[in-house]
Ligand SMILES: Cc1ncc(C[n+]2csc(CCOP(=O)(O)OP(=O)(O)O)c2C)c(N)n1
Ligand SMILES: [Mg+2]
């Protein structure tokens with residue numbers, strides 16, 4: 001299977017993108033509202049601000065394409081599955097989740113739906129993604145493998161080794177660098193002895209596409225272009241996409257008083273917030289406020305319902321806790 005073609009109906013696509021953006025944002029708003037109750041024990045690395053990348057890239061993929069990502073993957077997971085029941089069950093650590101509460105926020109995984117895995121070790125999913133792409137090539141199928149990672153992953157040797165191998169072996173990998181300029185609190189200028197990741201990667205045998213837009217449709221179109229290039233040239237593509245992390249590195253709060261970045265910067269990015277931007281676009285395309293509100297109410301209810309089910313669900317028993325884990 002390849003990727004799904006762009007729906008001819010632009011409005012239909014824009015509604016789909018909005019539905020996923022709103023779901024990702026509201027699911028995290030709901031986490032923020034309930035986290036202090038201390039029933040969700042997993043550490044939270046929130047996606048807020050990044051949703052256009054998650055939704056734009058994932059919406060292009062076909063059912064057999066594979067996604068590997070990081071501990072900051074709520075939006076990617078929800079864009080892929082739209083399964084808030086499973087999402088909240090896992091956040092609450094309950095038996096009803098696919099991973100039975102053993103993964104938590106940082107290790108979400110659903111291979112049957114092409115969400116192959118996420119990891120808390122920076123850059124560690126990238127070589128696994130390259131291996132999966134090698135397997136696809138050996139099997140002779142048309143699958144695309146996507147590796148999402150942050151700009152901090154480019155500080156790891158394994159990123160460069162994986163990129164080198166994928167370029168050398170001409171593997172069908174879409175590298176997606178989600179660049180928020182930070183590794184925890186450290187800016188790129190204090191970590192990287194070069195000015196531009198994209199400029200360095202463009203010296204490899206792969207195409208590099210760059211974008212700063214927070215418009216999910218722009219990311220969607222760029223991803224289609226990337227996948228066409230992978231298929232036409234039989235080479236990986238590296239997408240360098242910028243966004244602003246709204247909340248603290250780990251946790252559900254803002255941190256503009258921590259001294260490493262300013263609220264002013266945040267306010268500037270808020271002007272182009274991916275969810276608001278898409279909502280405005282829909283209104284501009286002739287979608288009524290009532291129609292949009294209907295979509296939002298439906299998702300709000302879905303989230304409320306998932307959250308309640310997760311809270312009410314049991315924990316896995318002791319025998320289950322030791323199954324499928326290394327110790
Ligand atoms: C191999 C490794 N080194 C260090 C850490 C500690 N650590 C956790 S997140 C992080 C920053 C990663 O930044 P980036 O890849 O840009 O992702 P972001 O958090 O910005 O999404 C670091 C250094 C880790 N988890 N794994
Ligand atoms: Mg980063």
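The values are calculated or read from the model by the stated rules, or taken from the named source; none is laboratory data. None of these values were measured; they are calculated from a predicted model. Backbone-built Cβ (ideal geometry, glycine too); neighbour counts: all protein chains shown.
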Inset, instruction - Name every residue in the stretch 189-202 that is within 14 Å of ligand 1 (Cβ to nearest atom) and under 21 Å from the mean Cα position of the chain (by Cα), in order of residue number. - result: 197
Inset, instruction - Working only within the stretch 136-152, note down all residues that are assigned to a helix (DSSP H, G or I) and in contact with a strand residue (DSSP E or B) (Cβ under 9 Å, 6 or more places away or on another chain). - result: 136, 151, 152
Legend entry - Checking residue 170 against (1) within 16 Å of ligand 2 (Cβ to nearest atom); (2) on the phi > 0 side of the Ramachandran plot, the condition it does not meet: (1)
Inset, instruction - Could you grab the pairs with beta carbons closer than 6 Å, sequence gap of 6+ or different chains, first residue in the stretch 128-150 and over 19 Å from residue 226 (Cβ atoms), second one within 16 Å of ligand 2 (Cβ to nearest atom) and not in a helix (DSSP H, G or I)? - result: none
Legend entry - Single condition residue 186 does not satisfy, out of (1) farther than 24 Å from residue 278 by Cα; (2) buried (at least 16 other Cβ atoms within 10 Å of the Cβ); (3) within 13 Å of ligand 2 (Cβ to nearest atom): (2)
Legend entry - Boolean, residue 54 is in a helix (DSSP H, G or I), within 16 Å of ligand 2 (Cβ to nearest atom) and under 27 Å from residue 159 (Cα atoms): yes
Legend entry - Output for the stretch 191-200, where each listed residue is in contact with a strand residue (DSSP E or B) (Cβ under 9 Å, 6 or more places away or on another chain) and either within 16 Å of ligand 2 (Cβ to nearest atom) or not in a helix (DSSP H, G or I) (or both): 191, 196, 197, 198
Inset, instruction - Evaluate the stretch 210-225: report whether one residue or more is more than 16 Å from ligand 1 (Cβ to nearest atom), assigned to a strand (DSSP E or B), under 17 Å from residue 55 (Cβ atoms) and modelled with pLDDT of 95 or more. - result: yes
Inset, instruction - Determine, yes or no, whether residue 97 is part of a loop (DSSP other than H, G, I, E, B) and either buried (at least 19 other Cβ atoms within 10 Å of the Cβ) or modelled with pLDDT of 95 or more (or both). - result: yes
Inset, instruction - Identify all residues within the stretch 302-327 that are surrounded by 11 or more Cβ atoms within 10 Å (Cβ to Cβ), at pLDDT 90 or above and in a helix (DSSP H, G or I); write none if there are none. - result: 302, 303, 304, 305, 306, 307, 308, 309, 310, 311, 320
Inset, instruction - Hey, could you check the stretch 153-180 for residues that are away from ligand 1 (no atom under 16 Å from the Cβ) and part of a helix (DSSP H, G or I) and say which is surrounded by the fewest Cβ atoms within 10 Å (Cβ to Cβ)? - result: 168
Inset, instruction - Please work out which residue is surrounded by the most Cβ atoms within 10 Å (Cβ to Cβ), limiting yourself to the stretch 201-235 and to residues that are touching a strand residue (DSSP E or B) at 6+ places or on another chain (Cβ under 6 Å) and farther than 30 Å from residue 279 by Cβ. - result: 230
